[in-house]
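Below is one structure. I have some questions about it.
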Amino acid sequence: MKILVVDDEKKIADVLAERLRLRGFETTSVYDGTAALARLDREDFDGVVLDLRLPDIDGIEVLRQIKKKFPTLSVVILSGHGTEQDFKTCLKLGAVACFQKPAKLATLETTFNLLQTAAK
Amino acid sequence: MNLFKYMVSLAAHLKPRFWKAGASETQGQILFNYRKFWLFSITVRSLVSLVPIAILFMFTYMLENKAIKNENHLHTVRLTSNTRRTLTYFFEERLDALRFIIQEEKFETLNNPDSLSYILRNLQRGFGGFIDLGLINESGLQTNYVGPFDLKQRNYRDQKWFANCIENGSYLSEVFLGYRKLPHIIIALKRAVNNDSFYILRATLDIKKLIQILSSLELSERSEAFICNREGRLQTPSRYYGKLLERMDLPIPEFSRYSQVKEAVDNAGSPILIGYAYIENSPYILMLVKRSEEIMKGWYSLRKEINWIFGISVIATLIVVLGISTLMVNKIFDADQKRLRAMERLESSGRLISIGRLAAGVAHEINNPLAVIGENAGLIDDIFKLNKEYQGDQQLKELIAAVLESVERCGEITKQLLEFARHFETKIEAINLKRTISGVLSFLRKEALYRNIAIDIDIPEDFPVIYSDYGSLQQIFLNLINNAFQAMDKGGRLEIFATRPAEGYVGISVRDNGCGIPEEDRNEIFEPFFTTKGMRGGTGLGLSITFGLVRKLRGEISLDSKIGEGTTFTVTLPIRYAGESKNEALTG
């Protein structure tokens, strides 16, 4: 399973990607919305871990564009700033799940595993 | 009964509610010295309304007094004057009668006892008051006499009246006893014959007729009329001012041609009003004595009435002044109190709102670094698990587990902080509070059972259904009940009961019989991170979140606590939730 990790905090994005990789996922990390969208255009991914606070484009806007281009792509929101309202908007826009930082990696892992099982 | 009730409610209005506020204010929150203002208001209002009333009444007093006095003076003068005329006429008439006789009848006729007795009878019939009649020759010898006494041949030559009559032609005597020892008056008339010769017709008058005239005056009980001579000897009997023919107890009034009135004081010292008149061609003074107190009787009763009216007006004015002043100061006091309370409430909720914002901000900012720590520690943990080199190092594993656990705990705290400040999307629906609370209690039954806590719910079946947010209510009651559990030891008792605090509101109280909340903590209890659980855990956010939720639902939360007896939290909620709460700015 191929996952794109988007987070403005490089340390988080890389470490998260690394840890997911250790758990058997194929991961790539990017640090802003533009890079994320560009990367999605070039490569096929099965899932996205998306932060809501990004330096260039708002995370919700990124989600909207992703869902527009790739309606079937599973997006998991992982945010330290998201409010209940934001999360609700995201779920409405088609995010699979929303998690507040700091989240246990196990929850992410479980989510993706479930997605993987469902996809098969 | 109704009047009584009315009086009671009136008295309640007159009661100064602020009286204690001024004196025993400990917090120095006196916006106003109510007592001073109240007293000032009463003083000024009383003066402004009472002084004119007093002046008016004083004037009325004086005017009425004067009017009554004047009227009395006038009345007395008139009466005196009339009586004087009557008396003057009385004497004139009798003198004229003698004059007519002396002119009409010849000396011989007068000197004849039979004809003189006939004349006396006619006089007695026509005028009355004549006792006897005598004829006296120029040497003073009474040559003829008719009457009840034997006075014929008596000689009057040496008597004063005889000389007086010769000189003036006529004579009117004072009242005297004479030979006969009976008070009487002499009138005498001289008729000249030729040049040197003359004779005198003399008559004696009874004073009964005079007394009759005086007593026919309609005088009040303690007033009287009498006659005295110019030396002040009483000529007619007096009840109060001396004996007949003796000096009267009153001063002799000074001579005046006309009837006069003067004020004086009698022997006993009581004020009197004397009307007097010198009767012309006689030695008499008519005296009319009235007691001032008697005269002023009418005035006294009038004054009594005036006093009553004055008293009642003063009392009514004072009551109105007192009522208005108290009402006014009470209103100011109430307004101040309301403002104070509103200020306090605003202050506390404002403080909580800013704390909430700060908390949300801090939580958000901390979440990212926390995530970095968490992820990195997680990676280290992953590496430890995968790398055989570290697999046996129990100490490293424990260290990293401690880091991860702390991160998790921090995450929990920030999550709750955000919840405290969170802007809920409320979903308004009809809610049966009893069912809601029962639902909440079902989560906690096990704990209650375990800790042996008895739970009592007293919410009537017909308690109104309210329109509010179910989720928030659930959270509110869960927090409150949880809190109550924490406060109680084993075997405690939890009571949940309903109240109706005001029209359109319902109240639910949660009462425990636990340790109670110290006075100094009560103000801070709704602030985030305030906890009494100390080491036992808990973030201190439960009540802050509850507070936020209650405010969100446009309700209020209050507490009542006694150390050692327990605490009651009361949540007041509107039956109808209308619009957004005032705290919507509290978004995270």
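Those residues that are within 7 Å of chain A (Cβ to nearest Cβ) and buried (at least 18 other Cβ atoms within 10 Å of the Cβ), I need them from the range B:373-388; list them, please. Give the derivation first.
Kept after step one, since they are within 7 Å of chain A (Cβ to nearest Cβ), are these residues of the range B:373-388: B:374-376, B:378-379, B:382, B:386.
Once the filter is applied, which keeps residues that are within 7 Å of chain A (Cβ to nearest Cβ) and buried (at least 18 other Cβ atoms within 10 Å of the Cβ), the range B:373-388 yields B:374, B:375, B:376, B:378, B:379, B:382.
Here's something else I'd like to know. Please go through the range A:93-110 and give me each residue that is within 12 Å of chain B (Cβ to nearest Cβ) and assigned to a loop (DSSP other than H, G, I, E, B), ordered by number. Quick ask: steps written out before the conclusion?
Here is the first cut: in the range A:93-110, the ones within 12 Å of chain B (Cβ to nearest Cβ) are A:99-109.
Hits for the range A:93-110 are A:101, A:102, A:103, A:104.
Would you confirm, using the coordinates I've provided, whether residue B:437 is within 22 Å of residue B:552 (Cβ to Cβ), surrounded by 20 or more Cβ atoms within 10 Å (Cβ to Cβ) and out of contact with any Phe, Trp or Tyr (no Cβ under 6 Å at 6 or more places or on another chain)? I'd like the intermediate steps shown before the answer.
On the way: within 22 Å of residue B:552 (Cβ to Cβ): yes; surrounded by 20 or more Cβ atoms within 10 Å (Cβ to Cβ): yes; out of contact with any Phe, Trp or Tyr (no Cβ under 6 Å at 6 or more places or on another chain): no.
So residue B:437 fails the test.
Mind listing just one residue for me: the one in the range B:63-89 that is free of Cβ contacts under 8 Å to residues at least 60 places away in the same chain and farther than 21 Å from residue B:294 by Cβ and, of those, nearest to the chain's Cα centre (by Cα)?
The qualifying residue nearest to the chain's Cα centre (by Cα) is B:63.
Quick check: anything in the range B:250-267 surrounded by 13 or more Cβ atoms within 10 Å (Cβ to Cβ), at pLDDT 90 or above and in contact with a Leu (Cβ under 6 Å, 6 or more places away or on another chain)?
Looking through the range B:250-267, none of the residues is surrounded by 13 or more Cβ atoms within 10 Å (Cβ to Cβ), at pLDDT 90 or above and in contact with a Leu (Cβ under 6 Å, 6 or more places away or on another chain).
Which is under 25 Å from residue B:192 (Cα atoms) and surrounded by fewer than 14 Cβ atoms within 10 Å (Cβ to Cβ), of B:168, B:144?
On the way: B:144 fails: surrounded by fewer than 14 Cβ atoms within 10 Å (Cβ to Cβ).
The match here is B:168.
May I pose another question? Suppose we keep only residues that are loosely packed, with under 15 Cβ neighbours inside 10 Å and of a type in the set (Ser, Thr, Tyr) within the range A:85-120. Which one would you say is farthest from residue B:409 (Cα to Cα)?
So the residue we want is A:117.
Return yes or no: is residue B:167 over 22 Å from residue B:118 (Cβ atoms) and assigned to a loop (DSSP other than H, G, I, E, B)?
Numbers: over 22 Å from residue B:118 (Cβ atoms): yes; assigned to a loop (DSSP other than H, G, I, E, B): no.
So residue B:167 does not fit the description; no.
Turning to a different aspect of this structure: Restricting the first residue to the range B:302-323 and requiring it to be in contact (Cβ under 8 Å) with a residue 12 or more places away in the chain, which pairs with a second residue that is outside any helix (DSSP H, G or I) meet a Cβ separation below 9 Å and a spacing of at least six or different chains?
From the range B:302-323, the pairs are B:303/B:296.
Now for a separate question. Among all residue pairs at least 6 apart or on different chains, which show Cβ distances below 6 Å where the first residue, located in the range B:246-262, is in a loop (DSSP other than H, G, I, E, B) and the second is of a type in the set (A, V, I, L, M)?
Pairs that qualify, where the first residue is in a loop (DSSP other than H, G, I, E, B) and the partner is of a type in the set (A, V, I, L, M), are B:248/B:234; B:259/B:77; B:259/B:277.
So for the range B:202-210 (the condition being touching a residue at least 40 places away in the same chain (Cβ under 8 Å) and more than 30 Å from residue B:126 (Cβ to Cβ)), does at least one residue qualify? Spell out how you get there, then give the answer.
Within the range B:202-210, the subset touching a residue at least 40 places away in the same chain (Cβ under 8 Å) is B:202-206, B:208-210.
Going one step further and asking which of them are more than 30 Å from residue B:126 (Cβ to Cβ), we end up with none.
No: the range B:202-210 contains no residue that is touching a residue at least 40 places away in the same chain (Cβ under 8 Å) and more than 30 Å from residue B:126 (Cβ to Cβ).
Within the range B:497-526, count every residue that is outside any strand (DSSP E or B) and of a type in the set (Lys, Arg).
Kept after step one, since they are outside any strand (DSSP E or B), are these residues of the range B:497-526: B:500-504, B:513-526.
Then drop every residue that is not of a type in the set (Lys, Arg), which leaves B:500, B:522.
Here the count works out to 2.
Does the range B:280-294 hold any residues that are among the β-branched types (Val, Ile, Thr) and out of contact with any strand residue (DSSP E or B) (no Cβ under 6 Å at 6 or more places or on another chain), and which are they?
From the range B:280-294, those among the β-branched types (Val, Ile, Thr) are B:285, B:289; that's our starting set.
Within the range B:280-294, no residue meets the criteria.
A further question follows. Mind checking which residues of the range B:225-241 are under 53 Å from the mean Cα position of the chain (by Cα) and surrounded by 17 or more Cβ atoms within 10 Å (Cβ to Cβ)?
B:225, B:226, B:238, B:240, B:241
Residue by residue through the range A:69-79, note down the ones that are in a strand (DSSP E or B) and more than 10 Å from every other protein chain (Cβ to nearest Cβ).
Going through the range A:69-79, the residues in a strand (DSSP E or B) turn out to be A:74-79.
Once the filter is applied, which keeps residues that are in a strand (DSSP E or B) and more than 10 Å from every other protein chain (Cβ to nearest Cβ), the range A:69-79 yields A:74, A:75, A:76, A:77.
If you check residue B:366 against the conditions, is it assigned to a helix (DSSP H, G or I), more than 9 Å from every other protein chain (Cβ to nearest Cβ), at pLDDT 85 or above and buried (at least 16 other Cβ atoms within 10 Å of the Cβ)? Walk me through how you get there before you give the answer.
Details: assigned to a helix (DSSP H, G or I): yes; more than 9 Å from every other protein chain (Cβ to nearest Cβ): no; at pLDDT 85 or above: yes; buried (at least 16 other Cβ atoms within 10 Å of the Cβ): yes.
Here the answer is no, as residue B:366 does not meet what is asked.
Which condition from (1) surrounded by 15 or more Cβ atoms within 10 Å (Cβ to Cβ); (2) part of a strand (DSSP E or B) is the one that residue B:192 breaks?
Condition not satisfied by residue B:192: (1).
Would you confirm, using the coordinates I've provided, whether residue A:82 is assigned to a loop (DSSP other than H, G, I, E, B), small (Gly, Ala, Ser) and either surrounded by 16 or more Cβ atoms within 10 Å (Cβ to Cβ) or away from every other protein chain (no Cβ under 14 Å) (or both)?
Working: assigned to a loop (DSSP other than H, G, I, E, B): yes; small (Gly, Ala, Ser): yes; either surrounded by 16 or more Cβ atoms within 10 Å (Cβ to Cβ) or away from every other protein chain (no Cβ under 14 Å) (or both): yes.
So residue A:82 fits the description; yes.
Moving on. Check B:125, B:191 and return the single one that is touching a helix residue (DSSP H, G or I) at 6+ places or on another chain (Cβ under 8 Å) and among the charged types (D, E, K, R). Break it down into steps so the answer makes sense when it comes.
Details: B:125 fails: touching a helix residue (DSSP H, G or I) at 6+ places or on another chain (Cβ under 8 Å).
Going through B:125, B:191 in turn, just one is touching a helix residue (DSSP H, G or I) at 6+ places or on another chain (Cβ under 8 Å) and among the charged types (D, E, K, R): B:191.
The values are calculated or read from the model by the stated rules, or taken from the named source; none is laboratory data. Because the structure is predicted, anything quoted here is derived from the model rather than measured. Don't worry about glycine lacking a Cβ; one is built from the backbone with ideal geometry, like all the others, and counts go over all protein chains shown.
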